[in-house]
Structure formats: structure tokens, C-alpha cells
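For reference, the structure is listed below as C-alpha cells.
The values are calculated or read from the model by the stated rules, or taken from the named source; none is laboratory data. These numbers come from a predicted model, not from an experiment. Here the Cβ positions follow ideal geometry from the backbone for every residue, glycine too, while neighbour counts run over all protein chains shown. Each accessible area value is taken on the protein alone, full model and side chains, heavy atoms only, with ligands, DNA and RNA left out. Shrake-Rupley method; radii C 1.70, N 1.55, O 1.52, S 1.80 Å.
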Amino acid sequence: DTAMYAAKRGGRGRYRVYTPELDTRARDAELRHAVADGQLLLHYQPAVDLRGDVIVAVEALVRWNHPERGLLMPGAFIDLAEETGAIVPLGEWVLREACRQAARWRTEVPAAAGIYLNVNLSPLQVKQSGLVEIVTGILAETGFPADRLVLELTERIVLEPDEATLDRLHALCELGVRIAVDDFGTGHAAINYLRRLPVSLLKLDRSYVAGIDDDPRAYAVAAAVAGLGAAFGMHVVAEGVETPAQAGRLLEMGCRYGQGYLYHRPQPGDELTALLTRAELLVAP
Ligand code: C2E
Ligand code: MG
Ligand code: MG
Ligand code: MG
């Protein structure tokens, strides 16, 4: 796929030799250009309270509307962005755009004021010394309230946070921003670290949700995470809920929140605006 892509980029029968490094550099340049050129967009996926299915949060998920390859999912470019550092400008764009959209929802749909906005942060962003200033600036600029913003971190950060990173996370918390651990259960996070970190949300990885019906071990891990959340006073959101049976099992083990195709797919901002105007779907502000 990459080889074909590289050949195509060479264009009109011109012949070029692509080394992997050159390919990485070319793709990095293309991605940075895409950020600056407005080729990125966000889709939004609601998370619901499993008791009653009302929307409690909306997660921003980035897509790349590539001029030749069409709509690309994050799996096609996030790893490269993380590797080259392009994730830093990309992530800043995502945060600004998501806060802008969510602030607009708050004015257009007052009943949606109780909803949280979740934004994914890459490890590189969290290690950035200016992160707190960037977040503060974007909140001020968009008018989105800090106490409705949830930043989703991967377990990798939780596992080995340096002191400066810990300080940064605590500073974000002081602003009122909440921290979530994404894909929880996949990265072997040392549970001990959870006590040191200002985490208010665990997102149970969808691999456990997928196995919850017929794999006793997946069920056991899911139940353990639900128990951990209860013990540490953290909310637990199950990812990738696709069947009513899974939702039932999650509720019975004490996992109160879920996100998945059973409820809502990720969708463009204007489609979500329409969804949010249906008051019966909303959590009380
Ligand atoms: P994630 O943060 O764990 O997001 C959940 C992913 O699961 C999304 O994939 C979503 O579309 C998918 N999903 C939701 N419900 C279901 C379901 O019921 N079944 C299945 N099979 N999948 C479901 P997506 O949009 O392809 O994003 C993949 C990952 O890319 C995200 O995983 C996140 O780690 C990363 N990502 C997305 N946007 C950003 C971003 O702005 N910044 C960073 N750093 N990473 C991002
Ligand atoms: Mg996420
Ligand atoms: Mg996740
Ligand atoms: Mg996941």
C-alpha cells in the first residue's frame, strides 16, 4: 500500500527511488501540510449512561480528507504523526477545533450544556512543556469551560510519568480539566500509578467488551476494572459496546457508562448538532 502510494506520488511515469526514510519524510511533510491546509476534520462519538442511554459525553475523533486517497481513519496516520512529531500541531488543531465546535453546541443547544467533551492526547503532547499554556489558551479563545473538558491519555503515559508530566497533569486538574485513561487494560498500566495521577475516568478497552459474553477471562478483566473504578472513585466507560447483551453485562458488573455502535457511531459535527437537539437523548445539565 505504501509502495503504491509512493509510486503514485512520483507521478506521471517519473521514476524515483524511495527509501523508507525518504518515504517517512515525504509522508510527514504531506501530513503537516494537511493540518495547515485544512484537510483534517473531526467526527464526534457520544458516550452514554447505560441506565437510560442518555448522552453524557462526546469524543472527538480525527479524520483526514486526503485529496487522492479519500477519507482516512486515524489508524492510517496517527502512528506516523507520533513518530515524526507532526502529532503536536495536529493535536493542537484537534483540541482547538473540538472546543470551538463544543462551545457552539453549548450556545445552539442550551440543553446540551451538561455534556463533556473528550479529546485524545498523544504521549508526545503530554510530554510537551507548553501543554498547560496551550490548553489554557484554547479554552480562553473558544470560551469552552475547563470543567467540561476531558483529556484522554494512553496507558503508556500513566505507566511511566516523569515528574514534569505529573506536574503538568496536576496543573490541568487545577484548571478543572479531567483526565481519562484510554484503552484501559491493554497497556499493563501499573495500578499503583493510578493513585498518583489525577485520573477521573477509565475507558475499558473494547477488546474486553467484545469478549464479555463468551470469554470468562475478558469478563473477569472487565469486572476487575469496574471494581477498580469504584474503589478509586473513577468513572468507567466501556468502549466498543455493540450489543444489548454486552450493555446488560456491563451494568450488572457496575460499569455505568458506554460508548459504541449500539448507541451512536462517530459522525460529523452538524449531524451531532441535530442529535443533540433531541432533548430526550441528553443528560440533565
Ligand atoms: P480511541 O480513542 O480508543 O477511540 C475509539 C475508537 O473505537 C474509534 O476509532 C471509534 O470509531 C471506534 N469505535 C467506537 N465504537 C465502536 C464499536 O462499537 N465497535 C468498534 N469496532 N469500534 C468502535 P477511530 O476513530 O478509528 O480512532 C482510533 C484511535 O485513533 C482512537 O482510539 C485514538 O486512540 C486515535 N485517535 C483518534 N483521534 C485522535 C486524535 O485527535 N489525537 C490522537 N492523539 N489520537 C486520536
Ligand atoms: Mg479515546
Ligand atoms: Mg479508547
Ligand atoms: Mg480503544
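Mind checking Rg over Rh on the range 204-258, alpha carbons, Kirkwood formula for Rh?
Using Cα coordinates only, the ratio equals 0.92.
How much area per residue is accessible in the chain when the probe is 1.4 Å and only protein heavy atoms are counted (Å²)?
Working: 13580 Å² over 285 residues.
In whole numbers, the chain has 48 Å² accessible per residue.
Could you tell me the calculated FRET efficiency between E280 and K127, based on Cβ-Cβ distance and R0 = 51 angstrom, to the nearest 0.05?
0.75
Percentage of Cα-Cα pair distances in the range 169-245 greater than 20 Å, rounded to whole percent? Mind showing how you got there, number by number?
Details: 919 of 2926 pairs.
For the range 169-245, the fraction of Cα-Cα distances above 20 Å is 31 percent.
Please list, ordered by chain and number, the residues whose modelled amide H lies under 5 Å from the amide H of L204; skip anything fewer than 5 residues away on the same chain.
F184, V237, A238, E239
For the pair E68/R32, report the inter-label distance in nm, with labels modelled 7 Å from Cα in the Cβ direction.
2.0
Taking the simple approach of a point 7 Å from Cα along Cα-to-Cβ for both D162 and R265, what is their distance in nm?
For D162 paired with R265, the spin-label model returns 4.2 nm.
For T136 and D53, what is the calculated FRET efficiency with R₀ set at 35 Å and r taken between the beta-carbons, to the nearest 0.05?
On the way: r = 34 Å, r/R0 = 0.98.
Rounded to the nearest 0.05, the efficiency is 0.55.
Would you work out which of A146, Q128, F232 lies farthest towards the positive end of the dipole of the range 101-239? Charges go on Cβ: Lys and Arg +1, Asp and Glu -1.
A146
Can you pull the percent of Cα pairs in the chain with separation above 37 Å?
Counting pairs separated by more than 37 Å, the tail of P(r) holds 16 percent.
What is the chain's relative contact order, in percent, from Cα pairs under 8 angstrom and six or more apart in sequence?
Averaging sequence separation for qualifying contacts and normalising by length gives 19 percent for the chain.
Can you find, among N192, L172, L95, the residue farthest towards the positive end of the dipole of the chain? Put +1 on the C-beta of Lys and Arg, -1 on that of Asp and Glu.
L95
Can you give me the orientation-averaged projected area of the convex hull built on the Cα atoms of the range 133-285, in nm²? Don't skip to the answer; put the middle values down first.
On the way: hull surface 40.7 nm².
Averaging across all directions leaves 10.2 nm² for the Cα convex hull.
Can you list the residues, at least 5 places off or on another chain, whose amide H is less than 5 Å from the amide H of L282, using H built in the peptide plane?
Residues meeting the amide H criterion: I55.
By the gyration tensor of its Cα atoms, with a ≥ b ≥ c the square roots of the eigenvalues, what is the shape of the range 73-215: rounded for a/c under 1.5, prolate for a/b over b/c, or oblate?
Rounded.
So what's the back-of-envelope 222 nm ellipticity for the chain, counting only DSSP H runs of four-plus at -39500 (n - 2.57) apiece and dividing by all residues, rounded to 500?
Only helices count here, giving -14000 deg cm²/dmol.
Roughly what % antiparallel, to the nearest 5, for the DSSP beta bridges in the chain?
Looking only at bridges with both residues in the chain, the antiparallel portion is about 40 percent.
Quick check: at a probe of 1.4 Å, how many percent of the accessible area of the chain sits on carbon and sulfur atoms?
The C+S portion of the solvent-accessible surface of the chain is 53 percent.
Mind listing the phi-derived Karplus ³J(HN,Hα) values for the range 83-96, rounded to whole Hz, using 6.51, -1.76 and 1.60 with θ = phi - 60°, and x for any glycine or proline?
Listing the rounded values in order: 5, 9, x, 5, 4, 5, x, 4, x, 5, 4, 4, 4, 5 Hz.
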